[in-house]
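Quick notes on the structure that follows.
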Amino acid sequence: MTLPAPGIIWASLPVPALLIEPDNTIREVNPAAELFMNMSLRALKGQPLLDILSIDAPLDEGLARVRKNQSALFINDVDVTSGDRPPVQCTLHVAPVQDAPETLLVMISPRELADRLGRGTGSRSAAKSAIGMAEMLAHEIKNPLAGISGAAQLLSMGLSPEDQELTELIVEETRRIVKLLEQVEQFGNTRPPEFTPVNLHDVLDRARRSAMVGYASHMKFVESFDPSLPAALVDPDQLLQVFLNLLKNATEAAGPRGGTIRLRSFYDHGLRLRRPDGTSRALPLNIEVIDDGPGIPPDMLANVFEPFISGRTNGTGLGLALVSKIISDHDGWIAVDSVPGRTAFRISLPMVPKAERKS
């Protein structure tokens, strides 16, 4: 078996990696580091490392220690950011390069990918469990509520105007609960996807236009699309519902004064999702919906895709759970990153297999 050339191995590393000169300037970066820092090798080469990366740790002391001791150093759970991007918690690995002891290899292992996968996988079972509960609630509660509402209306016929206000309150509240249960039923009755090759940008454009003539009329939209993105194998109607729900969430986060929603598409060949049967599937097609609202409270972030979790006073907590279920039914993956001023929902989907593509 012939081993691949060192250059191929360097380019294939799944985590950001940098070679640092003795004066702590950047000598080389791999493609994962270019993506992480959103800068090309040409722009990064020769730049001081600490001018490019903001690291919540005394990294200059760590680099000096590695050179002095000629031994690797691990720095766990530090915030790393570049430019105006939000910080990402990472583990740093710093090691001297063999035969060039003053040159260092720095590898950055973001924790966000593991955290995102954990949230995305956990939400699948939570959403499915809620379906049974939704059906039970709708069946067991709607009929008694109809009786309560009817009884209150009959009682109001022989009451004084003051007492009628109380019966009207009963009727209004039962109607509100029935409406909630109808939303729960909708959550539980989602049909299986009907897969077909779809241009994701077409579905995104339909969702954007629909939102702009309704609840998002006061929002500004900014698009950054990869025009070469291949077709996805999805149900277009269900995916439209996903995008509409995310756009509505972004609009509600902005509030009545409005804000900016950024729609981004890109290709990322590095993500594969393992199925329960042990096989895996590539999810290279990515869509991000980003808003500049106040962000999701940290105590809600880990559970944001679970049913009945909502940060709004009158929210049902079913919108994102439904989104999660639809994406899971597509063998896809959804994740969220949120800090004040930037909340990004990222959807990763499979593309049409080669055998099914039109020639």
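Brief remarks on what is shown
- Of all residues making up the range 61-100, the number that are out of contact with any helix residue (DSSP H, G or I) (no Cβ under 8 Å at 6 or more places or on another chain) and open to solvent by 70 Å² or more (accessible area, probe 1.4 Å): 13
- Hits in the range 239-261 - residues which are without any contact (Cβ under 8 Å) to a residue 40 or more places away in the chain and over 12 Å from residue 322 (Cβ atoms): 240, 254, 255, 256, 257
- Residue in the range 132-153 that is at pLDDT below 75, exposed (fewer than 15 other Cβ atoms within 10 Å of the Cβ) and polar (S, T, N, Q) present: yes
- Identity of the residue in the range 197-246, among the polar types (S, T, N, Q) and in a helix (DSSP H, G or I), that ends up farthest from residue 351 (Cα to Cα): 210
- Within the range 319-355, being of a type in the set (A, V, I, L, M), touching a Phe, Trp or Tyr at 6+ places or on another chain (Cβ under 9 Å) and within 27 Å of residue 259 (Cα to Cα) holds for 320, 321, 322, 323, 327, 334, 335, 336, 347.
- Residue list for the range 227-250, restricted to those being farther than 25 Å from residue 329 by Cβ and open to solvent by less than 40 Å² (accessible area, probe 1.4 Å): none
- One residue alone among 22, 96, 101, 86 is farther than 30 Å from residue 340 by Cβ, part of a loop (DSSP other than H, G, I, E, B) and not hydrophobic (A, V, I, L, M, F, W, C), and that residue is 22.
- So residue 77, is it at positive phi and either in the same structural domain as residue 100 (by the TED database) or in a helix (DSSP H, G or I) (or both): yes
- Yes/no for residue 50 being in contact with a helix residue (DSSP H, G or I) (Cβ under 7 Å, 6 or more places away or on another chain), over 30 Å from residue 331 (Cα atoms), open to solvent by 30 Å² or more (accessible area, probe 1.4 Å) and at pLDDT 80 or above: yes
- Residue selection: residue 24 satisfies the criterion of being in the same structural domain as residue 55 (by the TED database), free of Cβ contacts under 8 Å to residues at least 60 places away in the same chain and under 14 Å from residue 96 (Cα atoms).
- From 182, 165, residue being farther than 30 Å from residue 301 by Cα, at pLDDT 65 or above and surrounded by fewer than 15 Cβ atoms within 10 Å (Cβ to Cβ): 165
- Top-ranked residue of the range 262-303 - restricted to ones that are small (Gly, Ala, Ser) and more than 17 Å from residue 320 (Cβ to Cβ), ranked as modelled with the lowest pLDDT: 278
The values are calculated or read from the model by the stated rules, or taken from the named source; none is laboratory data. Keep in mind it's a predicted model, so treat the numbers as computed, not measured. Every residue, glycine among them, receives a Cβ derived from its backbone with ideal geometry; neighbour counts consider all protein chains shown. Each accessible area value is taken on the protein alone, full model and side chains, heavy atoms only, with ligands, DNA and RNA left out. Shrake-Rupley method; radii C 1.70, N 1.55, O 1.52, S 1.80 Å.
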